[in-house]
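The values are calculated or read from the model by the stated rules, or taken from the named source; none is laboratory data. On a predicted model such as this, the values are computed, not experimentally measured, just so you know. All Cβ positions, even for glycine, are placed from backbone atoms using ideal geometry, and neighbour counts span all protein chains on display. In case anyone asks, the SASA skips ligands and DNA or RNA and just uses the protein heavy atoms, side chains included. Shrake-Rupley method; radii C 1.70, N 1.55, O 1.52, S 1.80 Å.
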Amino acid sequence: MPHALYVCLQDDDKIAAFAMAADTGELTPHAEVPVAGGPSVLAISPDRRVLYVGHRTKPAISSFRIDQRTGGLTSQGTVAQEDAPTFLAPDRTGKYLLCAYYQGGGAAVHPLGADGAVGAASLGWLATATGAHAIATDPSNRFAFVPHIARLNDNVLEPPKNNPGPNVIFQFKFDAQTGALTANSPLRVEPAERVGPRHYCFHPSLDLVYFSDEQGCSVSAYRLDPAIGTLSTAQTIPTLPVGYMQRNTCSQIHLTPSGQFLYVANRGHNSIAGFAVDAATGHLTAIGHVQTEAVPGAFGLDPAGHFLFAAGTVSGRLASYRINGQTGALTPSGTYAVGRRPAAVLAMPLGD
């Protein structure tokens, strides 16, 4: 089955589309799609037919129909937003699009059309706090979480500012029939340290959720109570090597589909940190680092979990790595020039 890979280029106002060889991970440039307004966030519909794009410089959400033969993109329309969307995720049915807004300080849910397009206004606004960085529903599609970082506007290329953020995870119930998000009890999960929860992913079979900690330079695992949708701390483990004292923040986090290996990007140390996941407990063990492009703000895995692609915000390049299926080690396999300020990476299979 052919694969496609998309890279948002925020400062070039376009999306670079590549054909990806499923057996080798090799990328071949396919097309450049103009997308005005600083495309910076990507998500895919559950049926893999629609690509969602968040715009940062001119706040909006767009949707594109994906050609299942070529990976080509056809615009379905754009809906302007008051604030720039920071994270997009469809619910598990593909009927709604959940959105987190960093500067807007909240979250919203957009109904999707029969063709998967974003067209209608959101169902309402949930105010949380500035620094809202992600949102997604759990595997049951009944709960969602909104993490908030511990220091706002934290550019790793500059000294840290005295600009504290909320450092909290908000917990919500999600109604898949109506698209409504309502406060769970308790509403807030407060980390013991100012780690700054940023992005998260769910274990495929265990009741665990893993968060990248932007300021803590760590991964925090939380137990998920599947009955009531609340989190409790299970483990926190550093993403940096022992003794590293330079400026660093964490960005994205991804888990292989098998649940065997987890990866987090270090901005500053400019590396991908890898972890082995215990099959029985979900406990994380560090397996090392691989150096990557300067300031890896975004990275992604292929659908099978065989390859990892990391984008350098500063370098304008995309680095690819083969994932060792036994150890989780990353072996560099190629580097591609993509353009200015790559801000999102998404790989997907094509075809039915």
Query - Neighbours by Cβ (under 6 Å, 6+ apart or cross-chain): first from segment 59-87, over 26 Å from Met20 (Cβ atoms); second open to solvent by 30 Å² or more (accessible area, probe 1.4 Å) and among the aliphatic types (A, V, I, L, M) - result: Ala60/Ala80
**Report entry** Test for Ser212: is it under 27 Å from Leu284 (Cα atoms), in contact with a Cys (Cβ under 6 Å, 6 or more places away or on another chain) and among the polar types (S, T, N, Q)
**Finding:** yes
Query raised in the report: Taking strands (runs of 3 or more DSSP E) that fall entirely within segment 221-329, which contain at least 2 residues that are touching a residue at least 60 places away in the same chain (Cβ under 8 Å), open to solvent by less than 30 Å² (accessible area, probe 1.4 Å) and over 29 Å from His148 (Cβ atoms)?
Result: 317-323
Query raised in the report: Which of (1) in contact with a Lys or Arg (Cβ under 9 Å, 6 or more places away or on another chain); (2) β-branched (Val, Ile, Thr); (3) surrounded by 14 or more Cβ atoms within 10 Å (Cβ to Cβ) is the odd one out, the single condition Val195 does not satisfy?
Result: (1)
Report task. Would you mind telling me which numbered condition in (1) out of contact with any strand residue (DSSP E or B) (no Cβ under 7 Å at 6 or more places or on another chain); (2) closer than 27 Å to Pro296 by Cβ Arg151 fails? Result -> (1)
